[in-house]
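S.K.: If you scroll down you'll find the structure; I have some questions about it.
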């Protein structure tokens, strides 16, 4: 039995699909209101803030994936995320299960240095400090050695379906709605984005590779690293839309945060948009040479097809 904690998000949904397709039909999906992805999925209701419910949901598992998410609310992250993770780790230890932690890059320095698995944690802002503390908690569990543990880390998302990311919201969703895309801070800095189905497929591969445990992994990305200028042009070409866009300067986003809670939650991430974002996933691609990484052009074409838009003749 393999168990996904936080089973309703986009990463978890794609993970359940990939695990069932390539690894096991014995899946347990856990959340407060879980929904089946595959016909054979077993559903378990649990609040990860409740240690006993979490322990019962994990019991009998061979591998546990922590993919739980929360709304972009700093106070909520501080209040809930560490306890959810602690309960999950305790439950996995009680079940003698392997533990795969899906992580992001909020704890990394927000500058232009190349990000590898050895990059030190230098969080900027409260959400970054929460994610740093959580990653440190998992590393401590890994060092303790009671159960096999791995960290799978992803940069900013883009993807199909209900993918939640600034790039989807500001560029892709606006293009599909016939509106002008918005680019945060600068359009001339290189970005690293991960295609959400690739992140989930790679997480499934790691969770089923015994040698992957005891390590941190950067999940695989297209090495092209386009600027936002290039990415908007690719997206416009994929959808046959006008690719003109508006760059929203840092001061405007900072000022908007005074009245908009959603923009306020973005402000601590603004420094990363002033620099190149160079996320390196060579370790994964070297270890899994047959893994097919989705290119940006292929990913954008897939989003177009999912949206029901006609193909564009180039």
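S.K.: Measuring from the lowest to the highest alpha carbon on each principal axis, how far does segment 168-276 reach, largest first, in angstroms?
M.R.: 48, 35, 23
S.K.: Measuring from the lowest to the highest alpha carbon on each principal axis, how far does segment 1-89 reach, largest first, in angstroms?
M.R.: Largest to smallest, the principal-axis extents are 38, 25, 18 Å.
S.K.: Now for a different question. Report the label-to-label distance for residue 59 and residue 21 in nanometres (one decimal), using points 7 Å from each Cα along the Cα→Cβ vector.
M.R.: Label-label distance for residue 59 and residue 21, simple model: 3.4 nm.
S.K.: Give me the one-decimal Kirkwood hydrodynamic radius in Å for segment 23-156, with the sum taken over alpha-carbon pairs. Let's see the in-between values first.
M.R.: On the way: mean 1/r = 0.0635 Å⁻¹.
It is 15.8 Å.
S.K.: Also, quick follow-up: Any chance you could run the full-extension gain for residue 186 through residue 140? It's 0.36 nm times the residue separation minus the Cα-Cα distance, nm to one decimal.
M.R.: Numbers: separation 46, 0.36 × 46 = 16.56 nm, distance 3.74 nm.
In short, 12.8 nm is gained.
S.K.: Order by neighbour count: 48, 253, 278, fewest other Cβ atoms within 10 Å first, most last. Don't skip to the end; give the middle numbers.
M.R.: Working: 48 24, 253 20, 278 17.
Final ranking by Cβ density, sparse to dense: 278, 253, 48.
S.K.: Moving on to the next point. Just rank 36, 98, fewest to most, by other beta-carbon atoms within 10 angstrom. Walk me through the intermediate numbers first.
M.R.: Values: 36 13, 98 21.
The fewest-first ordering by Cβ neighbours comes to 36, 98.
S.K.: Fewest Cβ neighbours within 10 Å first, please rank 86, 35 accordingly. Working shown, then result.
M.R.: Details: 86 17, 35 12.
Fewest to most other Cβ atoms nearby, the residues stand as 35, 86.
S.K.: 7 Å from Cα along Cα→Cβ at both residue 177 and residue 117: what's the point-to-point distance in nm?
M.R.: My value for the distance between the label points is 4.0 nm.
S.K.: Calculate, in nm to one decimal, what residue 302 and residue 275 gain on full extension: separation in residues at 0.36 nm each, minus their alpha carbon distance. Write down the numbers at each step before the final one.
M.R.: Working: separation 27, 0.36 × 27 = 9.72 nm, distance 2.84 nm.
Taking residue 302 through residue 275 to full extension adds about 6.9 nm, to one decimal.
S.K.: Compute the projected area of the convex hull of the Cα atoms of segment 171-219, averaged over all viewing directions, and report it in nm² to one decimal place. List each step's numbers first, then the result.
M.R.: Values: hull surface 20.4 nm².
Result: 5.1 nm².
S.K.: With axes computed from alpha carbons, what is the tilt in degrees of helix 296-306 against the longest principal axis of the chain, rounded to the nearest 10 within 0 to 90?
M.R.: 80 degrees
S.K.: For the chain, restrict the atom set to alpha-carbon positions and state the Rg and Dmax in Å.
M.R.: Both quantities, over Cα of the chain: 19.2, 57 Å.
S.K.: Residues of segment 276-305 with amide nitrogen under 19 Å from the 7 Å Cα-to-Cβ point of residue 227?
M.R.: Once the point is set 7 Å along Cα→Cβ of residue 227, 276-279, 296-297 turn out to lie under 19 Å by backbone N, inside segment 276-305.
S.K.: As I understand it, the value is the acute angle between the Cα axis of helix 196-207 and the longest principal axis of the Cα atoms of the chain; what does it come to in degrees, rounded to 10?
M.R.: 30 degrees
S.K.: Okay, next question. Residue 209 versus residue 43, label points 7 Å from Cα toward the beta carbon: distance in nm?
M.R.: Result: 3.4 nm between the two label points.
S.K.: So what's the back-of-envelope 222 nm ellipticity for the chain, counting only DSSP H runs of four-plus at -39500 (n - 2.57) apiece and dividing by all residues, rounded to 500?
M.R.: -11500 deg cm²/dmol
S.K.: Using r as the Cβ-Cβ distance of residue 250 and residue 1, and R0 as 45 Å, what FRET efficiency do you calculate, to the nearest 0.05?
M.R.: On the way: r = 48 Å, r/R0 = 1.06.
Efficiency computed from Cβ-Cβ geometry: 0.40.
Taken together, the values in this text are just the output of simple stated rules run on the coordinates, not laboratory data. In this text, all values refer to a predicted model and were calculated from it rather than measured experimentally. Neighbour counts run over all protein chains shown; Cβ positions are idealised from the backbone, glycine included.
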